[in-house]
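S.K.: Below: one structure in structure tokens.
The values are calculated or read from the model by the stated rules, or taken from the named source; none is laboratory data. As the structure is a prediction and not an experimental result, all values here were calculated from the model. So basically every Cβ, Gly included, is an ideal-geometry build from the backbone, and we count neighbours across all protein chains shown.
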Amino acid sequence: MSSNSFGKLFTVTTFGESHGPAIGCVVDGCPPGLALSADEFAHDLARRATGKSRHTSQRHEADEVEILSGVFEGLTTGTPIALLVRNTDARSKDYEKIVEQFRPGHADYTYWQKYGIRDPRGGGRSSARETTMRVAAAVIARKWLALRHGIAIRGHVSQIADIVPRSFDASAIEANPFFWPDASQVGEIEAFMDALRKSGDSVGARVDVVATNVPPGWGEPVYGKLDAELAAAMMSINAVKGVEIGAGFGSVLQKGSEHRDEMRLDGFLSNHAGGILGGISTGQPVTCSVAFKPTSSLRLPGRTVDVSGAEVDVVTTGRHDPCVGLRATPICEAMMALVLMDQALRHRAQNADVGDVFPRIPTRTEEP
């Protein structure tokens with residue numbers, strides 16, 4: 001299988017390349033009767049978009065969604081929803097000099113080895129442009145999850161290179177181009193990014209994403225674990241090199257008496273497990289942290305080989321992000337939403353008759 005589809009009951013199939021005429025997706029399994037219009041996609045696609053500030057790629061795409069099927073008189077019909085976004089600002093000439101060269105750290109070499117042919121324009125299918133359609137599909141999932149279960153999904157950038165937030169203010173996250181939770185550090189980050197961009201180099205970033213009001217019981221005990229599917233979903237995002245659920249690698253430093261999330265009738269006393277035990281949600285916030293590598297497309301010369309087997313130096317021109325993680329918050333939120341939507345439908349299919357089971361431990365208000 002080519003594996004361009006994601007999910008079992010709520011299935012998303014994406015198609016298109018960075019510099020092709022359009023990108024798109026087909027969303028299959030959406031319940032009928034959900035109100036949906038094209039303008040509902042604009043907000044989240046704008047959050048993901050390039051060109052919003054000088055700190056990201058200066059590619060300016062309209063990102064206007066066309067609903068081709070699956071919606072009639074403003075309501076989903078239960079049939080496949082086809083979404084299309086036309087590419088309006090591709091500059092393929094930027095890649096003419098590297099058509100026969102493999103950019104180190106990029107998918108050029110592996111695509112060549114797998115398919116024997118590749119689209120060098122903007123990375124083709126391996127471009128982060130593809131994530132536009134994940135975010136679009138997740139608009140549908142987020143709306144259904146919010147309406148049916150009150151689930152809210154929010155993310156923020158929690159590290160850029162060695163810079164970490166000194167404080168956390170949720171209201172600051174959407175008020176700056178970095179999805180950063182400490183407004184007092186925005187000037188410092190701007191100066192850092194300006195210097196980085198001038199140097200021609202790049203850095204990595206870390207994104208945290210949290211889903212609240214997830215009911216207990218979602219996820220499957222062995223091969224469909226909620227945390228396993230979240231990890232796979234996040235790892236499918238371009239440039240991701242690490243995923244943590246809950247305490248993640250920090251749990252290595254904890255003792256069992258500290259890591260275990262003890263319970264009282266008025267709530268769990270901690271959430272080191274990230275809201276998932278045995279692959280099944282506990283009702284606590286589901287927490288995930290994602291590590292993004294530094295961007296590989298650089299204007300600094302790098303050593304590589306070309307398709308003829310010669311050793312050459314490569315310089316990547318065009319428009320690229322000095323820190324791809326700065327635009328990743330909406331994408332991580334989207335993948336969280338898609339996983340939860342699929343798991344919600346799977347749980348409903350098998351276990352809807354179980355209902356609420358006593359005792360049900362509430363979520364404490366002080367949890368994130």
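S.K.: Among the listed residues 304, 316, which satisfies the condition of being touching a helix residue (DSSP H, G or I) at 6+ places or on another chain (Cβ under 9 Å) and assigned to a strand (DSSP E or B)?
M.R.: 304
S.K.: So, in region 166-198, of the ones that are buried (at least 18 other Cβ atoms within 10 Å of the Cβ) and part of a loop (DSSP other than H, G, I, E, B), which residue ends up farthest from the chain's Cα centre (by Cα)?
M.R.: Among them, the one singled out is 182.
S.K.: Would you pick out the residues in region 245-268 that are farther than 18 Å from residue 217 by Cα and in contact (Cβ under 8 Å) with a residue 24 or more places away in the chain?
M.R.: 247, 248, 264, 266
Here's the yes/no breakdown for (1) in contact with a Gly (Cβ under 8 Å, 6 or more places away or on another chain); (2) closer than 29 Å to residue 128 by Cβ; (3) of a type in the set (D, E, K, R):
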position	(1), (2), (3)
245	yes, yes, no
250	no, yes, no
256	no, no, no
265	no, no, no
268	no, no, no
285	yes, yes, no
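S.K.: Just to check your reading of the model, which residue among 148, 129 is out of contact with any Gly (no Cβ under 8 Å at 6 or more places or on another chain) and either surrounded by fewer than 22 Cβ atoms within 10 Å (Cβ to Cβ) or touching a residue at least 24 places away in the same chain (Cβ under 8 Å) (or both)?
M.R.: Exactly one of 148, 129 is out of contact with any Gly (no Cβ under 8 Å at 6 or more places or on another chain) and either surrounded by fewer than 22 Cβ atoms within 10 Å (Cβ to Cβ) or touching a residue at least 24 places away in the same chain (Cβ under 8 Å) (or both), namely 148.
S.K.: Using the structure shown, decide if residue 295 is in contact with a Pro (Cβ under 7 Å, 6 or more places away or on another chain), touching a residue at least 12 places away in the same chain (Cβ under 8 Å), of a type in the set (S, T, N, Q) and not in a loop (DSSP other than H, G, I, E, B).
M.R.: Answer is no for this residue.
S.K.: Does region 228-238 contain at least one residue that is at pLDDT 95 or above and at positive phi?
M.R.: no
S.K.: Would you be able to say whether some residue in region 325-338 is out of contact with any Cys (no Cβ under 8 Å at 6 or more places or on another chain), over 30 Å from residue 148 (Cα atoms) and surrounded by 24 or more Cβ atoms within 10 Å (Cβ to Cβ)?
M.R.: Taking every residue of region 325-338 in turn, at least one turns out to be out of contact with any Cys (no Cβ under 8 Å at 6 or more places or on another chain), over 30 Å from residue 148 (Cα atoms) and surrounded by 24 or more Cβ atoms within 10 Å (Cβ to Cβ).
Residues are listed down the side, and each one gets a yes or a no for (1) assigned to a strand (DSSP E or B); (2) free of Cβ contacts under 8 Å to residues at least 24 places away in the same chain; (3) of a type outside the set (Phe, Trp, Tyr); (4) surrounded by 13 or more Cβ atoms within 10 Å (Cβ to Cβ):
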| site | (1), (2), (3), (4) |
| --- | --- |
| 232 | no, yes, yes, yes |
| 237 | no, no, yes, yes |
| 243 | yes, no, yes, yes |
| 284 | no, no, yes, yes |
| 287 | yes, no, yes, yes |
| 322 | no, no, yes, yes |
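S.K.: Give the residue that is surrounded by the most Cβ atoms within 10 Å (Cβ to Cβ), with candidates limited to residues of region 1-17 that are closer than 20 Å to residue 123 by Cα and β-branched (Val, Ile, Thr).
M.R.: So the residue we want is 14.
S.K.: Could I ask something else about it? Is region 221-230 home to any residue that is touching a residue at least 12 places away in the same chain (Cβ under 8 Å), under 13 Å from residue 329 (Cα atoms) and surrounded by 22 or more Cβ atoms within 10 Å (Cβ to Cβ)?
M.R.: no
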